[in-house]
Amino acid sequence: MTRILVDADACPVKDEIYKVAFRHLVPVTIVSNSFLRVPAHDLIERIVVSDGFDAADDWIAERAAPDTVCITADILLADRCLKANAVVIAPNGKPFTANSIGSAIATRAIMADLRANGDAIGGPPPFAKADRSRFLSALDEALVRLKRLG
């Protein structure tokens, strides 16, 4: 059965996830290191893991599967989910794919090196309305595609 796993601690599109999941009647699991408020609904499950390093990532990666859509901005978690053949979408709506994950990991490493050397490189662009719209579309398309395959 198709389901959505959300790396939720810093996810800016939780309301959009609920909206699409309710329309498609797909269960959502919100995974976080601390208590997050979620709507009281049969399709939504809240999992609070320990505050250990990568605890939420480990929980999600262990449950990622071909019938799963994983929502995360974490590139290393995206890689782990892709290796489990899950669909992975960033909160800005851009999909992580087997073809794109290698360059995303390499860019992440380069940026970490620059930061470690004290270079002021800034962060990602601010989350925009277009990102939210792109995310809604990407999640809807992924769920439709998985339903067809299922």
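The values are calculated or read from the model by the stated rules, or taken from the named source; none is laboratory data. Keep in mind the model is a prediction, meaning the values are calculated, not measured. We place every Cβ from the backbone using ideal geometry, glycine too, and count neighbours over all the protein chains shown.
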Exercise. Please work out which one of (1) touching a Leu at 6+ places or on another chain (Cβ under 7 Å); (2) farther than 19 Å from residue 32 by Cβ; (3) part of a helix (DSSP H, G or I); (4) hydrophobic (A, V, I, L, M, F, W, C) is the condition residue 112 fails and give its number.
Key: (1)
Quiz item: Between a first residue in region 46-74 that is under 13 Å from residue 32 (Cβ atoms) and a second residue that is acidic (Asp, Glu) and modelled with pLDDT under 95, which pairs have beta carbons less than 6 Å apart while being 6 or more apart in sequence or on different chains?
Solution: none
Exercise. Mind listing just one residue for me: the one in region 1-52 that is closer than 20 Å to residue 145 by Cα and of a type in the set (S, T, N, Q) and, of those, nearest to the chain's Cα centre (by Cα)?
Key: 29
Quiz item: Which condition breaks for residue 13 when tested against (1) farther than 16 Å from residue 63 by Cβ; (2) among the aliphatic types (A, V, I, L, M); (3) free of Cβ contacts under 8 Å to residues at least 60 places away in the same chain; (4) surrounded by 21 or more Cβ atoms within 10 Å (Cβ to Cβ)?
Solution: (3)
Quiz item: For region 22-41, what are the residues that are among the charged types (D, E, K, R) and over 23 Å from residue 77 (Cβ atoms)?
Solution: 23
Quiz item: Tell me, which strands (runs of 3 or more DSSP E) wholly within region 21-96 include 2 or more residues that are modelled with pLDDT of 95 or more and crowded, with 21+ Cβ neighbours inside 10 Å?
Solution: 28-32, 68-71, 87-89
Exercise. For region 134-144, indicate whether the set of residues that are surrounded by 12 or more Cβ atoms within 10 Å (Cβ to Cβ), at pLDDT below 95 and of a type outside the set (S, T, N, Q) is non-empty.
Key: no
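Restricting attention to region 97-109, and to residues there that are of a type in the set (Gly, Ala, Ser) and part of a loop (DSSP other than H, G, I, E, B), which single residue is surrounded by the fewest Cβ atoms within 10 Å (Cβ to Cβ)?
Result: 98.
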